[in-house]
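K.L.:
Here it is, the structure in full.
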Amino acid sequence: MLSDRTSSHSSRLALLVGLAGVGVGIVAGFLAGAKPLLLLLALIAVPTLIFFFARFEQAVLGLLIVRSALDVFSAQQIPAAFGIGLILLTLLYVTIRLLTGQAVRTDWFCWFFTAWIILQGLWLILLPLGALGLDASFLPMSIRDWMRTLLWPVVYWLVMQLKGRIYPEKAISLLFLSAIAPFTVASMQLFVPPSFVPFLLSTDERIKGTFAHPNVFATYLLLFIALTCWKLERSHKHWPWLLLLGVLAFFFVSTRALFSLAMLVTFVLGLLAPRLSLPKLIGGAVLLLLVIGLFVSTEFGQERLLSLTNTPLLNPDIDISRAILLSQGDHNSFNWRISQWDYLLRAWQQFPMFGYGIGLSIPVAGNGLLPHNDYVRALVEGGVVGLVSFLTLFGAMFLRLIQLLRYAPSGSAQQQLCLILLAFIPAILVGMITENIWSHTTLFFYLSALLAIAGWNWNEPRIT
């Protein structure tokens, strides 16, 4: 009976994949006469589709690993094409599973995440109706940003389907392979003369690896610093992970991202708070001293720290009004941020409930720059409703991790991963005060995958 049922599932799966192949063939024939470049992408899509269904586990893990190498091709729209392709593959896979009567693995956060992203679509409806601060001509920009965030719950759904097919610790270990491409390019940026790799360098010569900006690289590195700390606790051989931690810290400092130091301090404090002990306290202090010491030892780091003395943060003689005036000529990035926030908050007051529309804070600012504060961004783009929705998402992440923490066996790898993520999310919230963390697509791509893995059944004795 079981073999008959399996055979039936396989037959229906083969039929549906075959029909999908016919559809791709028809589209390819049309593109051959219309868009040869799109035809090439379609031809690549056919073997990808076949491999995706034939070797599902390897395909999903491969897609997760390769994402960190794609931002360097942003001018060619490769990350966008990757995101759309992954969304379509996931929808196709889930649909075929349902049509063939096979189980689709979910949890309550999976459905919450999906409902949350659907709710964000409300602003896509309100914009052309004239209910927001900008008109319908900005709808394509808003749709692009919505599609970018849609990828995160899609990744969660996709990784949930690996539950029971691969051991959780092995899946996380394989994610470290995603660092190979960024580390290789970052090493070139540090040690190879700029004339050999000018297309890989940032305008200010800060390293960015394969990412679009050094700040994005910094948050990616911090996430893997967190995972390396988790590995250190689980491994019997500490020296390989200590070596990796040193490499991560070196690249982390080399991004020259001041906000990331505040994130690191927040993460370490969050990690130590629930389980304070002398060895962990010493380890946390050593990590902080290493990173901060490396940062302060550079001329750039000293200049950035010194610049804080000319801001309201460390100088009581400078109030917000004076900081805004100083921002016009002192080249102090913190004072510039205060000026940017002041302008955007005054603009938000004109449309306080629903704001101007998803992804539209740049046209509202009028200077081609993001707010550099994700709470201000959420308020300007979504109004009060959008800000509440934004904070609710992170509240749900906390609730999910706390729920998993309660049921995970004491001292288990799952419990320790939940504690790591519970310390990492406050670091994100702190970084959002002065940086555009919400635009760091790769960070949330991998965070979504880790949240899904944390919700697997870690107590399964074998792969089923």
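The values are calculated or read from the model by the stated rules, or taken from the named source; none is laboratory data. Only a predicted model underlies this, so the values are computations on that prediction, with no experimental measurement involved. Backbone-built Cβ (ideal geometry, glycine too); neighbour counts: all protein chains shown. Surface areas here come from the heavy atoms of the whole protein model, side chains and all, with no ligands, DNA or RNA. Shrake-Rupley method; radii C 1.70, N 1.55, O 1.52, S 1.80 Å.
K.L.:
Local charge sum around F73 (other residues, Cβ-Cβ under 14 Å, Lys/Arg +1, Asp/Glu -1)?
P.N.:
On the way: positive: R67, K208; negative: D71.
Neighbour charge sum, excluding F73 itself: +1.
K.L.:
When only the heavy atoms of the protein chains count and the probe is 1.4 Å, how do H440, H372, H236 rank by accessible area, highest first? Before the final figure, lay out the partial values.
P.N.:
Numbers: H440 5, H372 35, H236 185 Å².
Descending accessible area places them as H236, H372, H440.
K.L.:
In square angstrom, what is the accessible area per residue of the range 222-292 with a 1.4 angstrom probe?
P.N.:
Working: 3300 Å² over 71 residues.
Spelled out: the 1.4 Å probe surface of the range 222-292, per residue, equals 46 Å².
K.L.:
Now a separate question. For the range 385-464, which trypsin sites (Lys or Arg not before Pro) pass both filters: DSSP loop (anything but H, G, I, E, B) and at most 12 other C-beta atoms within 10 Å? Walk me through the intermediate numbers first.
P.N.:
On the way: sites: R400, R406, R462; in loops: R462.
Of the trypsin sites (Lys or Arg not before Pro), the ones in loops of the range 385-464 whose Cβ has at most 12 other Cβ atoms within 10 Å are R462.
K.L.:
Check which residues have an amide H placed less than 5 Å from T106's amide H, if you skip close sequence neighbours.
P.N.:
Amide H neighbours of T106, under 5 Å, 5+ apart: none.
K.L.:
Rounded to the nearest percent, how much of the accessible area of the range 90-184 (1.4 Å probe, protein heavy atoms only) is carbon and sulfur?
P.N.:
On the way: 2970 of 4070 Å².
Here carbon and sulfur together make up 73 percent of the probe-accessible area.
K.L.:
Report, to the nearest whole %, how much of the accessible area of the range 348-464 belongs to carbon and sulfur atoms, 1.4 Å probe, protein only. The partial results should precede the final answer.
P.N.:
Numbers: 2530 of 3990 Å².
Carbon plus sulfur share of accessible area: 63 percent.
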